[in-house]
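A.B. asks: Quick one: the structure is below, questions incoming.
Nothing in this text is a laboratory measurement; each read-out follows from the coordinates by a stated rule. Computed from a predicted model, the values in this text were never measured in an experiment. Positions of Cβ are generated from backbone atoms using ideal geometry, with glycine treated the same way; all protein chains shown enter the neighbour counts.
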Amino acid sequence: MENKPDKTPSVGDGEIKEIIVSKNTIILNNVAAKLGEFYASGKENEKLSSAQIRNILDRIQRMKKFDRDEIQLLRPALAYAAGRDKTGKLKHLQQILDKAIMQVKDENTFKNLRNFFEAIVAYHRYHGGK
């Protein structure tokens, strides 16, 4: 039995702001769950691999504290990875994370970004991402 969402989930700017700026963990969980499921869904060649998203997560986790320049340098790294992706799902993730990165202004918003992305990866794994 394969869970396949009907369409590409949309994430509004307001939701991103609630997650990153306001630390709304309810919205964080709801959005991360639908994204994780979407990225793990489809045929094998349509799914995002754990390696693709773990590379991004590892880079975020290596940042021990807020560094504006390092955060901003994630944006071209994400764009490069999205450009290589054949599924289009990494481009979708890149667009969402790009909006989230633009909301990161201090240590607290950086932690919220990290928590958001960790949740996406966790739900991806939960829904069968490999």
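A.B. asks: Mind checking the dipole of the chain: about its Cα centre, +1 per Lys or Arg Cβ, -1 per Asp or Glu Cβ, Debye to the nearest 20?
C.D. replies: Rounded to the nearest 20 debye, it is 260 debye.
A.B. asks: Let me ask something else about it. Run the numbers for Leu73 and Gln95: contour at 0.36 nm per residue of separation, minus the present Cα-Cα distance, in nm. Mind dumping the intermediate values first?
C.D. replies: Details: separation 22, 0.36 × 22 = 7.92 nm, distance 1.46 nm.
That works out to 6.5 nm of additional length.
A.B. asks: Could you work out the relative contact order of the chain, using alpha carbon pairs under 8 angstrom and six or more residues apart, expressed as a whole percent?
C.D. replies: 43 percent
A.B. asks: Right, next: Place a +1 charge on the Cβ of each Lys and Arg in the range 62-109 and a -1 charge on the Cβ of each Asp and Glu, then give the dipole magnitude about the Cα centre in debye, rounded to the nearest 20.
C.D. replies: Values: 11 positive and 7 negative charges, 49 e Å.
About 240 debye.
A.B. asks: Scaled to the compact-protein estimate 2.2 N^0.38 Å, what is the alpha-carbon radius of gyration of the range 1-116, rounded to two decimal places?
C.D. replies: On the way: Rg = 13.9 Å, N = 116, 2.2 N^0.38 = 13.4 Å.
Normalised Rg, Cα atoms only: 1.04.
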